[in-house]
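Please read the structure below before turning to the comments.
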Amino acid sequence: MRIGQGSAVLSTAGGDVGLVDSLGRAINYLRVSVTDRCDFRCTYCMSEAMTFLPKRDLLSLEEIDRLCSAFVARGTRKLRITGGEPLVRNGVMKLFRSLSRHLAGGALDELTLTTNGALLSRYAAELADCGVKRVNVSLDTIDPQKFHKITRRGNLANVLDGISAAQAAGLSVKINAVALTCFEENEFRALVEWAHGRGIDISFIEVMPLGELEEQRVDQYLPLDRVRVQLAARWTLDDINFSTGGPARYVRVRETGGRIGFITPMTHNFCDSCNRVRVTCRGLLYMCLGQNDSVDLRAPLRASPDDALLDAAIDLAIARKPKGHDFIIERAVAPVVGRHMSATGG
Ligand code: SAM
Ligand code: SF4
C-alpha cells in the first residue's frame, strides 16, 4: 500500500485503487464539462451576455477521454458528462462511445450526462447504445411561456420530445428543477404531477450563488423547506431512505407513488459526504463547486504521453479538497465564486 501526497491518495498493489482526501472522503465520482457553451441562457445560470472560451482553449475529445481514463484508473466509478450543454459539443458521441469501454470492462459503474434535453431526441438511442442507463434532464417548469422566459431561448416542446425519446430508448430519466421565487405554488405541483405521471422522479435544488447575473441572487433564492410545505399541502410525503449516492434527500408521494428529492446546498449543506470533483472543458480541476481553488490538468496532460505528471497533479488536487463551500446569499453581497455554474459543469 502507498500513501500519496498529503495522505490524500491510497492505493493498493492488488488493483484496489482509490482517491481519498485528507478528511477521509473517498473521491470516486467525476463530473466533466465538455463545453462552456449552451443553446439556452437560463437566468439563474448565465448572464444574457456571456463570453465563452475560444475553441482553441478547450481540451480535445481525445484529451478528455485520456483524462477521464486516468481518473477511472484511480478508482472513479461514476462519470457524468456535463457543460454548458454537453450535447452541443461537436462529436460528443465519439466521447461517449469511447468511454463506454470502461463500462464494458467493469472499471466504471456508470456513464451518464446532465442535459437541458433540447437535443436529446437526436441522441437518445445512441446514448443508450453506448451504455448510458440514466440521464438527468434539467426542467424547471412545464409552462411553455415561463420556460421560454427562464431559459431565454428554449422551446419546451423540444425538451419534452427529448424526454419521450430518452424513455423510448430505454433510458431512465430524472428531472432536476431549480426552485426559484418566480414560480407559483401550483407550478411545483404541476411539474411533479407531470413527472410522476410519466414514471419520472424529480429533484428540486436550491439556487447557488455562482457568478454575477442581471438579477440579484437574493431575489431568486427560495429555500426548499417552503417548496416542501407547498407540496405537502397537496400530497402525503413519506421520508424514505432511498439514495442515488448523491446529496438529495428523498420522499415518496403516497398518492402518485413517485419520488421527490430535495437538494439543499444552502439550507443543509452535505459537504461531509462529498465524493466528487469537477473538471472544466479547459482542464481545470475544481475540488469544490463552491470554492475558487483549482489545479490545472491540461499542462501535465500535454507535457507527456504517459500519465505520471497527470497522476501527480490529481494527487495534489485531492489533497487540497476543502472541507466545504461557503455559499452566502445576501442582498448586495457579491458571490465568492465568480464563475458561473455553466463554466464549472453542474
Ligand atoms: N446544460 C445542462 C443542463 O442544464 O442540464 C448541464 C449543465 S447545467 C450547468 C447543470 C445543472 O446546473 C442544471 O440542472 C442547472 O439547472 C443547474 N444550475 C445552473 N446554475 C445553477 C445555480 N446557480 N444554482 C443551482 N443550480 C444551477
Ligand atoms: Fe445552459 Fe444548463 Fe446553464 Fe441552462 S442550466 S444555461 S441549459 S448550462
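Worth a mention:
- Output for the stretch 202-225, where each listed residue is in contact (Cβ under 8 Å) with a residue 40 or more places away in the chain and farther than 16 Å from ASP140 by Cα: PRO209, LEU210, GLY211, GLU212, LEU213, GLU214, GLU215, GLN216, ARG217, VAL218, ASP225
- Single condition LEU120 does not satisfy, out of (1) more than 16 Å from ligand 2 (Cβ to nearest atom); (2) of a type outside the set (Val, Ile, Thr); (3) open to solvent by less than 10 Å² (accessible area, probe 1.4 Å); (4) over 26 Å from ASN275 (Cβ atoms): (1)
- Answer residue from the stretch 314-346, given it is surrounded by fewer than 16 Cβ atoms within 10 Å (Cβ to Cβ) and of a type in the set (Gly, Ala, Ser) and is nearest to ligand 2 (Cβ to nearest atom) among those: GLY338
- Every condition in (1) of a type outside the set (Ser, Thr, Tyr); (2) touching a helix residue (DSSP H, G or I) at 6+ places or on another chain (Cβ under 9 Å); (3) open to solvent by 40 Å² or more (accessible area, probe 1.4 Å) holds for ILE263 except the one numbered (3).
- Restricting the stretch 166-193 to residues that are open to solvent by less than 30 Å² (accessible area, probe 1.4 Å) and not in a strand (DSSP E or B), the residue that is nearest to TYR250 (Cα to Cα): VAL192
- Scope the stretch 138-160; condition within 16 Å of ligand 1 (Cβ to nearest atom) and among the acidic types (Asp, Glu); matching residues: ASP140
- Among the residues of the stretch 70-86, those identified as of a type in the set (Val, Ile, Thr) and more than 12 Å from the chain's Cα centre (by Cα) are VAL72, THR76.
- Test for THR114: is it open to solvent by less than 10 Å² (accessible area, probe 1.4 Å) and either of a type in the set (Val, Ile, Thr) or out of contact with any Asp or Glu (no Cβ under 6 Å at 6 or more places or on another chain) (or both): no
The values are calculated or read from the model by the stated rules, or taken from the named source; none is laboratory data. Bear in mind that the values here come from a model prediction, so they are computed numbers and not experimental data. For neighbour counting, all protein chains shown are included, and Cβ atoms are generated from backbone atoms with ideal geometry for every residue, glycine included. With ligands, DNA and RNA removed, areas are computed over all heavy atoms of the protein, side chains included. Shrake-Rupley method; radii C 1.70, N 1.55, O 1.52, S 1.80 Å.
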